[in-house]
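In what follows, a single structure is set out as structure tokens and then discussed.
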Amino acid sequence: MKKMTKACFKYITLLLILSCSAHSQEIPSILSEGFSPISYSTNQNHLIKPKKLKNNIENYCERLGVHFKKFKWNEDPCGKVKWKAEYSTPSAHPLIYTVFGNGKLTTLLFGGVHPDELTPIPIAFRFARYLAKHPEIYANKKVIVAPLVNPDGFIRNYPSRVNSRGIDLNRNFFTLDWYAKSLAWWRHRKGANSRHFPGYFPNSEIETLFQIQLVDQYRPDKILSIHAPLGFIDYDGPGDRKKRTLSSVERKAKNLAHSISKKSSNYKVVDYSFYPGSLGNFAGNERKIPTITLELRTTNPKKVEEYWNQFLPGMVQAIKYPFSKTFSTRKNQPSEFRPNSPNSRKNM
Ligand SMILES: [Zn+2]
């Protein structure tokens with residue numbers, strides 16, 4: 001008996017040693033991918049001290065103005081808009097946004113997610129300045145504009161797609177497929193091109209958390225994000241990529257894209273898929289918020305005037321389009337939708 005116990009003990013010890021050595025073989029390969037030195041952002045460690053906020057935004061706007069001149073955009077980007085910010089980036093730029101109106105129907109607009117796509121940046125700032133002068137557009141409505149989501153990618157010698165930590169913010173959202181698909185998609189579909197790196201893990205960037213914070217706080221009925229240079233409008237949200245007959249609610253949500261197109265010289269509408277970690281996936285696919293990606297035709301900084309004239313009516317239409325969304329109050333329940341009241345439907 002004693003012999004048997006001893007043999008058992010030896011066997012268990014051997015198993016333990018083997019399993020430990022198997023783990024110790026895995027760890028170095030994980031470390032070699034860079035897990036060890038990577039820090040992650042939380043909202044808390046990027047908070048701007050309230051005392052510094054005013055100065056911080058003023059200095060930032062000044063820097064932006066200087067940077068705008070490099071591209072011969074002779075305008076004051078921030079203008080007289082009342083900007084807000086809670087967080088700053090690793091390069092100490094405040095993540096500014098502004099809120100117009102206090103009605104229920106809410107539209108959220110993002111610009112400058114990929115700053116090497118230059119044209120959306122002045123268009124988004126102009127739109128904020130335009131709204132400040134035209135309150136009639138958002139009477140009984142609410143509009144949130146975050147014109148430059150990735151300031152660190154813009155305020156540098158050569159604007160980049162990624163942020164200052166080398167991460168593509170439109171691949172960094174924590175979508176359900178992120179862990180299964182994101183890094184594989186990057187390696188196999190993008191040849192591990194550093195311009196498309198989704199991060200070592202999702203929601204690792206303050207600029208991603210900033211966008212999520214605005215979605216969570218304002219619960220928008222629709223989102224518009226401006227990019228370039230693919231030259232189309234893409235829709236993600238209820239009714240997207242469905243082969244079956246759409247419900248009336250899905251049809252109405254999806255029609256937002258066509259409604260914007262109509263007001264933008266019948267700009268092309270496409271039905272593209274979304275990516276692991278993208279805003280279209282996070283907000284449109286998973287949270288069922290109609291999400292429009294407006295892809296301007298080029299990134300040529302000389303085209304801003306032309307694009308402004310073409311897309312201003314479409315952006316205003318995005319605000320006016322009467323589709324509202326009711327979030328479920330129960331946790332872990334999919335969002336529910338209801339078409340707007342019959343009265344507002346007349347405005348379509
Ligand atoms: Zn882009």
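The values are calculated or read from the model by the stated rules, or taken from the named source; none is laboratory data. None of these values were measured; they are calculated from a predicted model. Using ideal geometry, Cβ is built from the backbone for each residue, glycine included, and neighbour counts are taken over all protein chains shown.
Scanning region 217-251 for residues that are at pLDDT below 90 and small (Gly, Ala, Ser) returns Gly239, Ser247, Ser248.
Going by what's in this entry, would Asp177 be described as closer than 13 Å to Gly277 by Cβ, in contact with a Gly (Cβ under 9 Å, 6 or more places away or on another chain) and away from the ligand (no atom under 15 Å from the Cβ)?
Taking the combined requirement at face value, the residue satisfies it.
Residues in region 146-164 that are within 13 Å of the ligand (Cβ to nearest atom) and either among the small types (Gly, Ala, Ser) or at positive phi (or both): Gly153, Ser160. Taking the criterion of being within 16 Å of the ligand (Cβ to nearest atom), part of a helix (DSSP H, G or I) and out of contact with any Leu (no Cβ under 8 Å at 6 or more places or on another chain), no residue of region 297-309 qualifies.
Among the residues of region 325-342, are any of a type in the set (A, V, I, L, M, F, W, C) and at pLDDT 95 or above? No. Looking across region 155-186, the residues that are surrounded by fewer than 21 Cβ atoms within 10 Å (Cβ to Cβ) and part of a helix (DSSP H, G or I) come down to Tyr179, Ala180, Lys181, Leu183, Ala184, Trp185.
State yes or no: is Ile289 surrounded by 17 or more Cβ atoms within 10 Å (Cβ to Cβ) and closer than 30 Å to Phe68 by Cα?
no
Within region 270-296, the only residue that satisfies the criterion of being within 15 Å of the ligand (Cβ to nearest atom) and among the charged types (D, E, K, R) is Glu295. Counting the residues of region 292-324 that are among the aromatic types (Phe, Trp, Tyr), surrounded by 17 or more Cβ atoms within 10 Å (Cβ to Cβ) and at pLDDT 95 or above gives 3. Is it true that some residue in region 106-121 is in contact (Cβ under 8 Å) with a residue 60 or more places away in the chain, of a type in the set (D, E, K, R) and away from the ligand (no atom under 16 Å from the Cβ)? No - not one qualifying residue is present in region 106-121. Scanning region 222-265 for residues that are among the hydrophobic types (A, V, I, L, M, F, W, C) and either part of a strand (DSSP E or B) or more than 16 Å from the ligand (Cβ to nearest atom) (or both) turns up Ile223, Leu224, Ile226, Phe232, Ile233, Leu246, Val249, Ala253, Leu256, Ala257, Ile260. Which residue is surrounded by the fewest Cβ atoms within 10 Å (Cβ to Cβ), if the candidates are limited to region 48-100 and must be within 19 Å of the chain's Cα centre (by Cα) and not in a loop (DSSP other than H, G, I, E, B)? Checked region 48-100; the qualifying residue surrounded by the fewest Cβ atoms within 10 Å (Cβ to Cβ) is Lys84.
Search region 219-233 for residues that are outside the structural domain of Ser278 (by TED's automatic domain parsing) and pair each with any residue that is of a type in the set (Lys, Arg) and surrounded by fewer than 21 Cβ atoms within 10 Å (Cβ to Cβ) when their beta-carbon atoms are under 7 Å apart and the residues are at least 6 apart or on different chains. Hits for this filter: zero, empty list.
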